[in-house]
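The values are calculated or read from the model by the stated rules, or taken from the named source; none is laboratory data. Worth saying up front: this structure is predicted, and the values here are computed from it rather than measured. Neighbour counts run over all protein chains shown; Cβ positions are idealised from the backbone, glycine included.
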Amino acid sequence: MAYVSLQNLTKLFPNGTKAVDDFSIDVSDGEFLVLVGPSGCGKTTALRMVAGLEEISSGTVSIDGAVVNNVPSRGRDVAMVFQSYALYPHMTVRQNIGYALKVRKMNRGEIASRVDAAAEMLDLTSYLNRRPAQLSGGQRQRVAMGRAIVREPKLYLMDEPLSNLDAKLRVQMRAEIAELQDRLGVTTIYVTHDQVEAMTMGDRVAVMRLGALQQVASPQELYENPANVFVADFIGTPPMNLFHAHVRSEGGQVSLHFGTQTIALPSGLSIASMLSARNGAEIIVGARPESITLSESQGTVPIRAQVKLVEVLGGSALIHFLLEARPMSQDLQSSGVEGAEDTATSLGSRRGSEVLATVPAQSAFRVGEQVALHVPVEALYFFDAMTGSRINL
């Protein structure tokens with residue numbers, strides 16, 4: 001096992017592209033850390049620098065307190081699992097798993113013992129004499145995992161290992177990998193663009209955008225307390241509803257103005273007092289789809305909407321509403337929010353003034369119906385419209 005520290009890690013390519021920008025994070029001994037973010041955010045480049053497969057422009061990579069910037073990959077005692085499996089097609093499963101040990105000139109008995117133990121752990125014993133072409137995608141991924149396990153390294157590095165699998169197999173394999181890592185207790189850094197994968201597997205999740213670290217926290221902490229608009233939108237399925245609003249404070253009453261709608265915040269709330277200092281300013285307001293209901297109760301605020309689409313998902317339904325308000329996605333890029341283009345792209349599928357709500361499947365809705373949505377005030381999120389940062393109490 002290993003303690004890993006990345007300090008001010010930067011990767012600048014010859015064409016001027018800064019793939020990783022002053023990235024710092026510490027990974028505890030035995031921890032499962034997931035790097036997540038959209039394509040091109042620098043997560044794979046950061047992983048490759050840890051592995052010694054990519055030259056570091058500046059900053060340091062330390063493993064167990066020793067800086068390894070100039071240590072070749074083979075000397076870092078790490079094992080990497082790739083998206084492409086990288087299996088030798090002419091070798092059997094047994095030969096593929098044991099190849100790295102053979103290169104090290106380990107004795108045959110020890111190689112056979114380690115391969116058999118890994119195969120049993122990964123349910124591959126009956127496939128040891130087959131070649132990769134005779135295996136399913138999930139079985140090939142297990143072989144790639146087995147090849148890493150037999151090396152008994154200090155550190156596992158995994159670069160989107162499930163990307164080539166179908167949806168059902170991805171769910172199965174992510175559970176198996178998480179269980180295996182917990183059993184082995186080996187420090188693991190795992191890269192994915194799939195936030196569901198990240199949330200279900202990692203002890204902690206580090207969200208990246210444009211090469212920079214946005215937030216690192218436990219999955220639940222990321223979901224409940226996003227540090228900025230980007231994290232709020234990226235983490236969560238369906239994504240958080242995000243809208244511009246203007247703050248008005250008159251006579252001790254704080255209200256939010258969404259296009260043609262006005263929401264009066266109950267007096268005496270800490271957030272109302274904080275927002276009163278932003279009188280006349282524009283902010284971004286967010287609400288998770290599951291926090292929206294049709295039931296009025298104490299502490300909720302109403303929003304007028306029209307049913308656009310109903311998607312029944314078995315035990316629940318995802319309702320698309322048209323809202324009399326201006327969605328963040330329409331003009332985010334002009335708002336000054338850092339990373340606006342990236343976030344606006346991720347919101348691009350939500351056309352018009354649309355809000356999503358997750359409700360029980362038994363709820364009766366008709367397309368075109370006018371309804372009043374209700375959101376508990378404590379379930380609302382507030383962000384600075386210029387910086388994108390969370391407005392905290």
- Item | When residues of the range 148-164 are limited to those that are crowded, with 18+ Cβ neighbours inside 10 Å and under 18 Å from the mean Cα position of the chain (by Cα), the one farthest from residue 49 (Cα to Cα) | 162
- Query: Does residue 63 count as under 22 Å from residue 205 (Cβ atoms), assigned by TED's automatic domain parsing to the domain that holds residue 194 and more than 24 Å from the chain's Cα centre (by Cα)?
  - Reply: yes
- Note on the structure: Exception for residue 250 within (1) out of contact with any Pro (no Cβ under 8 Å at 6 or more places or on another chain); (2) within 14 Å of residue 376 (Cα to Cα) falls at (2)
- Task: Only one of these is surrounded by fewer than 20 Cβ atoms within 10 Å (Cβ to Cβ) and touching a His at 6+ places or on another chain (Cβ under 8 Å): 57, 84, 24, 39. Name it.
- Result: 39
- Note on the structure: Scanning the range 235-288 for residues that are assigned to a loop (DSSP other than H, G, I, E, B), under 33 Å from the mean Cα position of the chain (by Cα) and of a type outside the set (Gly, Ala, Ser) gives 235, 237, 238, 239, 240, 265, 269, 278, 288
- Could you please tell me which pairs satisfy a Cβ distance under 8 Å, a separation of 6+ or placement on different chains, a first residue in the range 356-373 that is assigned by TED's automatic domain parsing to the domain that holds residue 302 and of a type outside the set (Phe, Trp, Tyr), and a second residue that is outside any strand (DSSP E or B) and exposed (fewer than 13 other Cβ atoms within 10 Å of the Cβ)? 360/315; 361/313; 361/314; 361/315; 372/296
- Query: For the subset of the range 182-212 comprising residues that are buried (at least 21 other Cβ atoms within 10 Å of the Cβ) and more than 23 Å from residue 233 (Cα to Cα), which member is nearest to the chain's Cα centre (by Cα)?
  - Reply: 189
- Item | Segments classed as helices (runs of 4 or more DSSP H), wholly inside the range 106-215, with at least 3 members that are in contact (Cβ under 8 Å) with a residue 40 or more places away in the chain | 137-149, 167-184, 195-201
- Residue within the range 81-104 that is in a strand (DSSP E or B) and either touching a residue at least 40 places away in the same chain (Cβ under 8 Å) or within 25 Å of residue 201 (Cβ to Cβ) (or both) present: yes
